[in-house]
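Here is the structure we will look at.
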Amino acid sequence: MKACLFSGVEQMEVKEVDRPARAENEVTIEVARAGLCGTDLHVYLGDMAHRVTPPRILGHEMVGAIVEAPEEGDFREGDRVVVEPTVFCGRCAACRRGHTHVCQNLNFMGVDSTGAFANYWNVPQDRLHKVPDTLDDVAGALIEPLAVAVHDVRRAQVEVGDRAVVIGGGPIGLLVAIAARLDGADVIISEVNPFRIGVAESCGFDTVNPSETNLVDHVNEWTDGAAADLVFEVSGHPAGAEVMTEIVRVRGTIALVGVHAEPVPVNLQQFFARELHLTGCRVYESIDFERAIRIAEADHVPVDKIVTNVTPMEEIGWGFEQMKNGRDVMKVMIDCQS
Ligand SMILES: [Zn+2]
Ligand SMILES: [Zn+2]
């Protein structure tokens, strides 16, 4: 089969590899579309050398059809599925408390083990969700990042009428804004990239560009000096961590979504002064996938605006370079049968 291999820092290779044998509890999926995720970018840039030794097939935001399934089980050849790529041990303290998505021995498929940027992918059948036929492949491959956003909004405990600021208007930030708005929040998106600002505005969001406008003043004006009920830090940038404590109200909540690869300064004085809450948000639980599928089915996600590129497998390196250099892209997807 053809596969995209991460073969070293900022190096992708597309080549023929042996199609791996399917284990007894696994299905084989013919991958249709797979999106490039911020996590994949971190791997590509060499930030995750502690977890990923090249060569490895990355990719986990996907949709595809089953071509082989175990006799015993709920899935059959032809079923269209997405994968919840969190394989947990079931034995560690986190798992035994029921938090299997943050298992202390987590195998995140596509990072810690073989992923989806290939013609075929073998996946344990207990990690699958069926995709309704009303969703096309591009919408299907957006379910995984949408599940991230659903999880983030659920963790943040959004209430109707809340005023929320999303710091970072990439695909996840925009999906978080959409999910928070569905929950009844009034949302503004803080983003510096003009292209992404345009996409956010075309989805009906007010935006602020913190490189041109003082974000703290802007939020204070918007909220009559009260500051925002909720802040989602999605940028993963130190500037986001610096400003997040300045724009959230007394007893407000900061949901930390972005991956900060290095420790960054945070103004803890504000946690004391304003009695703030900080909520970590990592991946998703099965319920988040179920909800994401229902939200997508109900047509709440402007897929055409979020997915800006669908490219052949050979262009995967180009896709990472676009993301790395902050070019005019939102979600880049790979056609895994190209
Ligand atoms: Zn992802
Ligand atoms: Zn575990």
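Against the test of being β-branched (Val, Ile, Thr), more than 28 Å from Val31 (Cβ to Cβ) and surrounded by 24 or more Cβ atoms within 10 Å (Cβ to Cβ), the options Val160, Val148, Val199, Val166 yield a single qualifying residue, Val166. Here Arg22, Arg97 are screened, and the one residue that is among the basic types (Lys, Arg) and in contact (Cβ under 8 Å) with a residue 24 or more places away in the chain is Arg22.
Residue count for the range 79-101, restricted to those that are within 16 Å of ligand 1 (Cβ to nearest atom) and under 18 Å from Pro145 (Cβ atoms): 6. Within the range 33-58, residues that are free of Cβ contacts under 8 Å to residues at least 40 places away in the same chain sit with their Cβ atoms under 7 Å from residues that are more than 16 Å from ligand 2 (Cβ to nearest atom) and not acidic (Asp, Glu), at 6+ positions apart or across chains, in these pairs: Gly46/Val9. Given the criteria in a helix (DSSP H, G or I) and either within 16 Å of ligand 2 (Cβ to nearest atom) or touching a strand residue (DSSP E or B) at 6+ places or on another chain (Cβ under 7 Å) (or both), does Val138 qualify? Spelling it out, Val138 is indeed in a helix (DSSP H, G or I) and either within 16 Å of ligand 2 (Cβ to nearest atom) or touching a strand residue (DSSP E or B) at 6+ places or on another chain (Cβ under 7 Å) (or both).
Pairs meeting the criteria (first residue in the range 156-171 and touching a residue at least 40 places away in the same chain (Cβ under 8 Å), second residue among the polar types (S, T, N, Q) and part of a loop (DSSP other than H, G, I, E, B), beta carbons under 7 Å, at least 6 apart or on different chains) are Arg163/Thr223; Ile167/Ser235; Gly168/Ser235.
Can you find a residue that is of a type in the set (Phe, Trp, Tyr), in contact with a Gly (Cβ under 6 Å, 6 or more places away or on another chain) and more than 16 Å from ligand 2 (Cβ to nearest atom) anywhere in the range 109-122? Yes, there is a match, as at least one residue in the range 109-122 is of a type in the set (Phe, Trp, Tyr), in contact with a Gly (Cβ under 6 Å, 6 or more places away or on another chain) and more than 16 Å from ligand 2 (Cβ to nearest atom). Listed by position, the strands (runs of 3 or more DSSP E) contained in the range 223-338 that have at least 2 residues being crowded, with 20+ Cβ neighbours inside 10 Å and among the aliphatic types (A, V, I, L, M) are 228-233, 248-256, 331-335.
Residues checked against (1) more than 23 Å from the chain's Cα centre (by Cα); (2) within 22 Å of Leu182 (Cβ to Cβ); (3) aliphatic (A, V, I, L, M):
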| site | (1), (2), (3) |
| --- | --- |
| Ala228 | yes, yes, yes |
| His237 | no, no, no |
| Gly240 | no, no, no |
| Val250 | yes, no, yes |
| Ala255 | no, yes, yes |
| Val264 | no, no, yes |
| Leu268 | yes, no, yes |
| Leu278 | no, no, yes |
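The set of residues in the range 169-188 that are part of a loop (DSSP other than H, G, I, E, B) and either in contact with a strand residue (DSSP E or B) (Cβ under 6 Å, 6 or more places away or on another chain) or crowded, with 24+ Cβ neighbours inside 10 Å (or both) comprises Gly169, Gly170, Ala185.
Looking across the range 53-99, the residues that are in a strand (DSSP E or B) and within 16 Å of ligand 2 (Cβ to nearest atom) come down to Thr86, Val87.
Only the coordinates and a few stated rules stand behind these numbers; no lab work does. In this text, all values refer to a predicted model and were calculated from it rather than measured experimentally. As a convention, Cβ positions derive from the backbone with ideal geometry for all residues, glycine included, and neighbour counts pool all protein chains shown.
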